[in-house]
């Protein structure tokens, strides 16, 4: 069975089929995030598989050796989004990957609530320039907010 998703990619109404789980075959120079288009320098298509191998290798090492799971989470998030290996779902996958070191250390997964999205995107832009601290802070604050919300529900 072939699994795919239909995505409208431009204003012409042309349909583009996305194969789930397959890495992208074209080099992208921009991404649409919440209806805003950003011009970003993604990994060239011919290097995506190699870059994914690097992310997996280094990610395993960082998870095993780094003492700060939030720093590891930020590194995984930024490195994965810079690679941008898929035609769709890169942000969701980056947040899932970022959750691995947190879960291993007993923290909840990364959950960006709607009220924090703007700050999340701002901190990602800063992290793309090399300063990961705002993204780390964003993850910490979002987890605190999630835990507070759960406590309210459970009370």
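Here, each number is a calculation from the coordinates, and none is a lab measurement. Here the structure is a predicted model, which means the values were calculated and not measured. Here the Cβ is made from the backbone with ideal geometry for all residues, glycine too, and neighbour counts use every protein chain on show.
Defining a contact as two alpha carbons under 8 Å apart and six or more residues distant in sequence, what relative contact order in percent does the range 47-154 show?
The normalised contact order for the range 47-154 reaches 24 percent.
Rounded to a whole number of µm²/s, how large is the Stokes-Einstein D of the range 115-155 at 10 °C and 1.306 mPa s, given Rh as the Kirkwood radius over C-alpha pairs?
Stokes-Einstein gives a translational diffusion coefficient of 146 µm²/s.
At a Förster distance of 22 Å, what's the computed FRET efficiency of residue 125 paired with residue 105, Cβ-Cβ distance as r, to 0.05?
Here the calculated transfer efficiency is 0.25.
Percent of alpha carbon pairs in the range 47-154 separated by more than 19 Å?
Counting every Cα pair in the range 47-154, those more than 19 Å apart make up 42 percent.
Can you give me the distance in nm between label points at residue 118 and residue 61, each placed 7 Å from the Cα along the Cα-to-Cβ direction?
Label-label distance for residue 118 and residue 61, simple model: 4.0 nm.
Sorted by average packing, counted as other Cβ atoms within 10 angstrom per residue and highest first, what order do 75-83, 119-127 take?
Highest to lowest by the protection proxy: 75-83, 119-127.
What full-extension length gain, to one decimal in nm, is calculated for residue 23 and residue 68 as 0.36 nm per residue of separation minus the Cα-Cα distance?
Extending this stretch completely gives an extra 13.2 nm.
Please rank 139, 42, fewest neighbouring Cβ atoms within 10 Å first, as an exposure proxy.
Final ranking by Cβ density, sparse to dense: 42, 139.
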